[in-house]
Amino acid sequence: MEGENVSFPSTFILLGFSEHPWLEIPLLGVVLVSYVLSLMGNSSIILLSLLEPRLQTPMYFFLGHLSVLDLCVTCTIVPQLLANLWGPEKTITSWGGITQAYLFHWTGCTECALLAVMAFDRYVAICRPLQYTLIMCPWVCVQLAATAWSSGLANSVLQATLTVQLPLCGHHLLDHFFCEVLVLIKLSCGDTTANDLSLAIGVIPFTLVAPLLVLISYTFIAKAVLKLLSAEGRYKALSTCSSHLVVVIMYFGPGIYVYLQPPAKSTQAKFMSFFYCIVTPLLNPLIYTLRNKDVKRAWKRIL
């Protein structure tokens, strides 16, 4: 059956972390706690950005979208991971796997574009403060967010659709803890040149252009901050960017590592994906709220 072409299987077997069975119970506890905290943290940011008038600004508008993306990633990947870590069954239905592949690729690409948009927002706020309300008007913010979501969706539909049309070999073992395009391609016993080329071209706007736009934005921001005469002004400008900069490094680092230089060992790739799917959605709301006085004041008023 190894070399035989078959139709798309009804189920996939997710090997997950089965090569380290002693890790499964500790990981179950970590994933469960992270899942609950991620749901609470990201939901609270969305709630605050909708209910608190002082947080209805472009910065918090985009931050709300970032939280929606984190919730989508968490709810797409984590429930299945918890089920696989808890019981002996390590399977996922084919439609569940296809849904994971589409949604994970969509949210991943959209988040790359959204982080670039948020960097542009910070650039306008610091380098063009007098024109900020004119440039970042509500209609422009909606257009930028829609562009991020639609570009991610277009790339996801292209890559995932090409992947599910590949002829598969007899086995349906996925050496991962969820269904991802890169892993599904490895199941094919046909020619994957078109898929590899499409994937390589498709990630350019998200893993090369988006980080480059972030770098350019922060280069101009750094120049503007250094020109400020007031130490208090420099501190205030840097504090508004530090949270976003930490999230950018934390997000693009693993993504670029996995997609532009795939790890030789599958275990290494799994833990990089684990960081992105589990840790990042947990840390994002903490990073944006722990040092943010506006969010703290909003919570106090609501509570």
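Observations on the model:
- Reduced Cα scattering model of the chain, Debye log10 I(q)/I(0), q = 0.10, 0.12, 0.13 Å⁻¹: -0.60, -0.83, -0.95
- Rg(Cα) / (2.2 N^0.38 Å) computed for segment 37-137, rounded to two decimals: 1.39
- Sorted on the mean count of surrounding Cβ atoms within 10 Å across their residues, most packed first, peptides 90-98, 293-301, 227-235 read 90-98, 293-301, 227-235.
- Applied to segment 73-88, the Karplus parametrisation 6.51 cos²θ - 1.76 cosθ + 1.60 on θ = phi - 60° returns per-residue 3J(HN,Hα) values of 4, 4, 6, 7, 9, 5, x, 5, 5, 4, 4, 6, 6, 7, x, x Hz, with x for Gly and Pro.
- Residues whose amide H lies under 5 Å from that of THR11, counting only those 5 or more places away or on a different chain, are SER94; hydrogens are built 1.01 Å from N in the peptide plane.
- Applying the Karplus relation 6.51 cos²θ - 1.76 cosθ + 1.60 with θ = phi - 60° to segment 120-130 yields 3J(HN,Hα) values of 5, 4, 5, 4, 5, 5, 9, 8, 10, x, 6 Hz, where x marks Gly and Pro.
- Separation of the PHE271 and CYS75 label points, Cα + 7 Å toward Cβ, nm: 3.1 nm
- Note on segment 118-245: Kirkwood radius taken over Cα pairs, Stokes-Einstein applied at 37 °C and 0.692 mPa s, translational D equal to 183 µm² s⁻¹.
- Partner lysines whose Cα lies under 24 Å from the Cα of LYS300, excluding those fewer than 8 positions away in the same chain, are identified as LYS236.
- TYR276 accessible area, assembled protein chains, probe 1.4 Å, Å²: 30 Å²
- Evaluating 6.51 cos²θ - 1.76 cosθ + 1.60 at θ = phi - 60° for every residue in segment 48-59, the Karplus couplings come out as 5, 5, 8, 8, 8, x, 6, 9, 8, 10, x, 4 Hz, glycine and proline recorded as x.
- Under 5 Å, built H, 5+ apart or other chain: amide partners of THR91: LEU14
- Accessible area of the chain belonging to carbon and sulfur atoms, whole % at 1.4 Å probe: 72 percent
- Among 24-31, 61-68, 76-83, sorting by the average number of other beta carbon atoms lying within 10 angstrom of each residue, highest first, gives 61-68, 76-83, 24-31.
- By the Cβ-Cβ criterion of under 4.7 Å, the unpaired cysteines of the chain are CYS72, CYS75, CYS109, CYS112, CYS127, CYS137, CYS141, CYS179, CYS241, CYS277.
- Once the Cα-Cα distance is subtracted from the 0.36 nm per residue extended length, the ILE302 to LEU50 segment shows a gain of 89.5 nm.
- Over the chain, DSSP H runs of length four or greater, each weighted -39,500 (n - 2.57), average out per residue to a 222 nm ellipticity of -24000 deg cm²/dmol.
The values are calculated or read from the model by the stated rules, or taken from the named source; none is laboratory data. Not measured: the values here are computed from a predicted model. Reconstructed Cβ throughout: ideal geometry from the backbone, glycine too, with neighbour counts over all protein chains shown. Side chains are part of the model used for accessible areas, which takes the heavy atoms of the whole protein and leaves out ligands, DNA and RNA. Shrake-Rupley method; radii C 1.70, N 1.55, O 1.52, S 1.80 Å.
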